[in-house]
1. Based only on other Cβ atoms within 10 Å, what is the fewest-to-most ordering of A:16, A:240, B:37?
2. What are the extents of the Cα atoms of the protein assembly as shown along their three principal axes, listed from largest to smallest and rounded to whole Å?
3. Computed from the mean reciprocal separation of all distinct C-alpha pairs, what Kirkwood hydrodynamic radius does segment A:254-295 have, in Å?
4. Rounded, prolate or oblate: which fits chain B, taking a ≥ b ≥ c as square roots of the Cα gyration tensor eigenvalues, rounded meaning a/c under 1.5, else prolate when a/b beats b/c?
5. With a ≥ b ≥ c taken as the square roots of the eigenvalues of the C-alpha gyration tensor of segment B:121-259, please select rounded if a/c is under 1.5 and otherwise prolate if a/b is larger than b/c or oblate if it is not?
6. Cα axis of helix A:126-139 to longest principal axis of chain A: angle in degrees, 0 to 90, nearest 10?
7. Once you compute Rg and the Kirkwood Rh from C-alpha atoms, what is the Rg to Rh ratio for segment B:1-89?
8. Using a simple spin-label model with points 7 Å from Cα along the Cα→Cβ vector, what separation in nm is obtained for residue A:269 and residue A:36?
């Protein structure tokens, strides 16, 4: 790549093991991970439970500190010895995080008050906070719930409120740590649409950690993790055209890919990198047609 | 188990009371409590009842909701008044049976105490909980107590704790119900057996509830940190409280009410023992 722009997040040769009880050998949660996230991109991090994907998220949001290697936020080494609390705060103004459980990240008893929580912490003037809160709620489509109590909302709505809380802080990068895992299918769709819009329209860098394949294909880039290492890294087409590798680490591939893979194995000439059901149907129809014509 | 807590819940509305500065509502509540305890005779109680009715009217809270809130407290009200019936000695004895003596004064006293409690609950719940969102209430408290920061009292931390507690009450209630259902599905029995057996049956509910509360607390703390929370220092607020002249007038009205009640007390008639 010829671009010389500083990546918003960069991870260099990072290793980490959770502290264990005495006597137990620590097992590395992350081993020699290198990863660079370009500003404005939409990256999915895929992995099975225990693959290290959530640990990686905690590294990038500076909740955990690496044992060796470093985390760079916007060109600043956050793992250096001389990092102060101010620096961490400063990095957190650039990179925000939305967690898995929507209930455990909402602080206030009114939706708009919760969205205001972050900007209030930044010490902004109240008129500016008001403007940002309204704007953020508008962006996630929750304006009409501004005065509601969070506990009366659905999971998807709560998660959108949590996202608004991060948007209102004007973060350049948002990490979604399995933010769709606890939601029902409708809630997942709501949140995914919101995430996608933030990236496409607001140009916010998105890091989406998930184990849902159909969510991962919506990204520009997919990083597959297994036992603390990066296994695959590429566009969704590149990654999902290797179903065997993914199956080996107990990951699924999108249903369309799986179907096309089996078609291909049975001798049909089909592409594997199709994730849209309609396109997939057309591809199969075309393959069958050309197969019949050949007979 | 019925976990309905209608008493003390915010009731959506747009009355003058709803829009009033929460700080003024807290001050008005304190004044009202003082005024209630100033009332000593039937005349002053009549004025108290009138003021409570006026409060209900301007708050536009449906009487049905207020009555529902009171129902939960029937026992406390009845208990305190019945004790008074037997306790107070007076001049006009009505019933004398063994060691039980009931006097007219006792009955009047019990009636006024019941009224006092009811007016106190209606007044404060209208002023504070029904018309004020919990967050406005904690904001108001934080700002009223702000001068205490000079004494290094953790005023901001206190109000943040209040806010989080209020935020998580419904969540934890929901969770309790979920755990109870899960235990019931495994054959747990919460409604029969002796008191001790029932108390023991609660242990399998409390243990998972506490565990999850601690987990939630940790996650919330992390989430708050990621949102740049560093305590009250340097924090601004979206909604700044403004007390208008109307709010001051409202508080003044309670002072006047107190003065009127002191005057009415002097009119005589039957007076409360305390």
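Every read-out reported here was derived from the displayed coordinates using simple, explicitly stated rules and does not represent laboratory data. All figures in this text were calculated on a predicted structure; none of them were measured in a lab. Cβ atoms come from the backbone with ideal geometry, glycine included; neighbour counts cover every protein chain shown.
1. Placing the least packed residue first, the sequence is B:37, A:16, A:240.
2. 113, 59, 55
3. Radius from the Kirkwood sum: 10.1 Å.
4. Oblate, because a/c is 1.5 or more while a/b does not exceed b/c.
5. Since a/c reaches 1.5 but b/c is at least a/b, the shape of segment B:121-259 is classed as oblate.
6. 20 degrees
7. Over the Cα atoms of segment B:1-89, Rg/Rh equals 1.01.
8. Taking the two extended label points, one gets 3.9 nm.
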